[in-house]
1. Among the candidates 63, 70, which residue alone is crowded, with 18+ Cβ neighbours inside 10 Å and modelled with pLDDT under 75?
2. Report, ordered by the first and then the second residue, all pairs with beta carbons closer than 7 Å, sequence separation of six or more or different chains, a first member in the range 79-90 that is assigned to a helix (DSSP H, G or I), and a second member that is basic (Lys, Arg).
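The values are calculated or read from the model by the stated rules, or taken from the named source; none is laboratory data. If you're wondering where the values come from, they're calculated on a predicted model, not measured in any experiment. Neighbour counts are summed over all protein chains in view; Cβ atoms, including those assigned to glycine, are modelled from backbone coordinates with ideal geometry.
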Amino acid sequence: MLTITEAAAATSVSRDTIKRRLAEGTFPGATRGAGGGPGGTWRIPFDDLADAGLTSGPQPGTTTVGDTNTQLAVALAENRALRAHLADLRRMLVRTQ
């Protein structure tokens, strides 16, 4: 799950493009979590970006350095997003105890 900024970086499009696609309903798996703007931070599944044609996975046997760098950037962005989500869950758990 990626934030708007992470999704824009992973797909080499602007944040405005990601926001416009969110408003159009292009990313059906996108959710809003805690933090961020009025409704919370958007979390966009990488698969939704791929389904929208905003990413291009490498074909078998054709991985290039650019593809690998993109995959690494996406993996790092997903890792940051998961860590942030885990921190949110831990804070919620502490509040309930």
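1. Numbers: 63 fails: crowded, with 18+ Cβ neighbours inside 10 Å.
70 is the lone residue from the list that is crowded, with 18+ Cβ neighbours inside 10 Å and modelled with pLDDT under 75.
2. 81/43
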